[in-house]
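Student: A single structure is presented below for examination.
The values are calculated or read from the model by the stated rules, or taken from the named source; none is laboratory data. All figures in this text were calculated on a predicted structure; none of them were measured in a lab. All Cβ positions, even for glycine, are placed from backbone atoms using ideal geometry, and neighbour counts span all protein chains on display. These area figures cover heavy atoms from the full protein model, side chains too; ligands, DNA and RNA do not enter into them. Shrake-Rupley method; radii C 1.70, N 1.55, O 1.52, S 1.80 Å.
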Amino acid sequence: MKVLAFAASNSRQSINQKLAAYAASMVDNAEVEMLDINDYELPLFSMEREAELGQPELAQQFLDKIGDAEALIISFAEHNGSYTAAYKNLFDWASRIDTRVFQSKSSVFLATSPGGRGGAGVLDAAVRSGPHFGAVIVGSVAVPGFHSVFDVESGVLTDPELNAAVQSAVAKL
């Protein structure tokens with residue numbers, strides 16, 4: 001199975017990228033590609049900018065990566081209770097090319113943060129809107145208190161219940 005995994009974050013130290021990579025490592029017999037949305041940085045979306053630029057090649061390349069995958073693992077960073085500006089901008093450009101950005105791919109949606117809710121607000125928004133944009137969400141997990149439940153050196157979740165929840169979600173891909 002070809003799995004595309006990424007964090008909906010442009011942080012070079014993204015804890016969500018670490019979580020996405022860990023979850024992807026749990027998929028048996030998978031060919032995993034880790035995507036970095038920094039490779040798809042686009043000007044701030046607006047109708048005027050779209051009229052001026054058309055559909056940027058980077059947005060099409062992002063959609064092509066999704067299209068080439070059989071399954072998606074996305075870990076959403078939360079900024080002020082919502083998507084990061086970098087992810088939302090890329091998503092907005094891509095959705096102008098194809099509203100069904102996720103292209104009917106089986107998807108696991110994750111979120112984490114240092115706080116006690118673990119990005120639950122953005123995860124809830126993603127889970128609610130994902131099917132409208134073509135995601136077939138087979139599982140979702142919020143991981144609160146990232147730094148106390150994830151061993152960065154070994155790259156694993158150390159909380160048994162959270163680990164089981166992520167494992168259960170990715171097993172459905």
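Student: Quick check for you: with a 1.4 Å probe and neighbouring chains kept, what is the accessible area per residue of segment 37-116, in Å²?
Tutor: Working: 3720 Å² over 80 residues.
Value returned for segment 37-116: 47 Å² of accessible area per residue.
Student: If you don't mind, there's one more thing I want to ask. Sum up the charges of everything whose Cβ sits under 12 Å from the Cβ of residue 69, counting Lys and Arg as +1 and Asp and Glu as -1, but leave residue 69 out. Display every interim value, and only then the final one.
Tutor: Details: positive: 2, 65, 105; negative: 31, 33, 64, 68, 70.
With Lys, Arg at +1 and Asp, Glu at -1, the net is -2.
Student: Another question, then. Could you work out the per residue convex hull volume over the alpha carbons of segment 113-160, in cubic angstrom?
Tutor: Working: hull volume 4.2 nm³, N = 48.
Dividing the Cα hull volume of segment 113-160 by its residue count gives 88 Å³.
Student: Summing -39500 (n - 2.57) over the DSSP H runs of n ≥ 4 in the chain and dividing by its residue number, what mean residue ellipticity at 222 nm do you reach, to the nearest 500 deg cm²/dmol? Before the final figure, lay out the partial values.
Tutor: Working: 7 runs with 69 residues, N = 173.
Computed mean residue ellipticity for the chain: -11500 deg cm²/dmol.
Student: A follow-up question, please. Filter the chain for me: DSSP H helices, axial length by Cα at least 27 angstrom, mean Kyte-Doolittle hydropathy not below 0.5. List them by residue number.
Tutor: Counting only whole DSSP H runs, no helix qualifies.
Student: Something else about it: What per residue convex hull volume, in Å³, comes out for segment 38-91 when only alpha-carbon positions are used? Walk me through the intermediate numbers first.
Tutor: Values: hull volume 5.0 nm³, N = 54.
Considering the Cα atoms of segment 38-91, their hull volume per residue is 92 Å³.
Student: On alpha-carbon atoms, Rg over Rh for the chain using Kirkwood Rh? List each step's numbers first, then the result.
Tutor: Details: Rg = 15.4 Å, Rh = 16.0 Å.
My calculation puts Rg/Rh at 0.96.
Student: Setting aside same-chain residues fewer than 8 positions from residue 172, which lysines have a Cα under 25 Å from its Cα?
Tutor: Output for residue 172: 2, 18, 65, 105.
Student: Over segment 87-173, what portion of Cα pair distances is larger than 21 Å, expressed as a whole percent?
Tutor: More than 21 Å apart: 37 percent of the Cα pairs in segment 87-173.
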